[in-house]
1. How far is helix 28-50 tilted off the main Cα axis of the chain, in degrees rounded to 10, range 0 to 90?
2. If you roll a 1.4 Å probe over the chain with all protein chains in place, what percent of the accessible area is carbon or sulfur?
3. Per residue, how large is the accessible surface of the chain? Use a 1.4 angstrom probe and give square angstrom.
4. Leaving out ligands, DNA and RNA but keeping every protein chain, what accessible area does ASP205 have, in Å² rounded to the nearest 10, with a 1.4 Å probe?
5. Among LYS24/LYS207; LYS134/LYS207; LYS176/LYS207, which pairs are too far apart, with a Cα-Cα distance over 30 Å?
6. Which is the longest part of the chain that has none of the GluC sites (Glu not before Pro) sitting in a DSSP loop with at most 11 other Cβ atoms within 10 Å?
7. Farthest toward the dipole's positive end in the stretch 126-226, which of LEU193, THR130, LEU214, given Cβ charges of +1 (Lys, Arg) and -1 (Asp, Glu) about the Cα centre?
8. In debye, nearest 20: dipole of the chain around its Cα centre with unit charges on the Cβ of K, R (+) and D, E (-)?
Amino acid sequence: MMLGNFVNVAAILGGSLLGFIFKKKINKNTSASVFRVLGLCVIYIGIAGVLETKNPLLLIVSMAIGTVVGETLDIEGFLERMSQRLETMLKADEGSGLKEGFLTATLLFCVGSMAIIGPIESALTGDHTTLFAKSVLDGISSIVFAGTIGAAGVMLSTLPLFTYQGSIAIFAGILKPFMTPDLITALASTGSLMILGLGLNMVLDAKLKISNMLPSLLVPVIYFSALALIA
């Protein structure tokens, strides 16, 4: 279940090394173009996952209820406020390239739906596609960050990333024996729809609040748990 997590860390370390070596030759326009192309690939991954759903109605209800909960809790707003506080800390500590690289990279790599959905899919289904896609995205981002902010801080960000994603995967793995194939499929399809939304944000700047959709993953769990109790 940790394969995708290891690949993610390796991609960031490799990207940081490349960014350090070729920091004077990094073309930001090329990086932006490649990022959008990868967004198209993320859209494809999302669509492929959604097409495997066995209960479209449950998917729709899960997304609707989960988004209402997420908007009410304002998960996206919380993450943005946390980001702003980190930026304020960094500005107050001038000259600390190591700290800036570490905090900026950690925030980018850990905050997002792929960092949550990826480990869950890896643990429950053995499918590492989401984390592999995230690895490519993080690898490209680490090249840019290492070349502009500093490689050391970006490399250090792999420690909290591995711990964060690994903890999610282990927790999901512990619960796997209690999960039915239908529940796992429902979770995967719900996560895939959020991955699709992330791809649209990358390519079209759709401004979909993916983080506010994360509670949608709880709806299938509640639904199938209720069915089990009734049965």
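1. 10 degrees
2. Here carbon and sulfur together make up 71 percent of the probe-accessible area.
3. 53 Å²
4. For ASP205, the solvent-accessible surface is approximately 90 Å².
5. LYS24/LYS207; LYS176/LYS207
6. Answer from the scan: 95-231.
7. Projecting each Cα onto the dipole axis, the largest value belongs to LEU214.
8. 520 debye
The values are calculated or read from the model by the stated rules, or taken from the named source; none is laboratory data. Not measured: the values here are computed from a predicted model. Cβ coordinates were reconstructed from backbone atoms using ideal geometry, including for glycine residues, and neighbour counts include every protein chain displayed. Areas reflect the complete protein model, heavy atoms only, side chains present, ligands, DNA and RNA absent. Shrake-Rupley method; radii C 1.70, N 1.55, O 1.52, S 1.80 Å.
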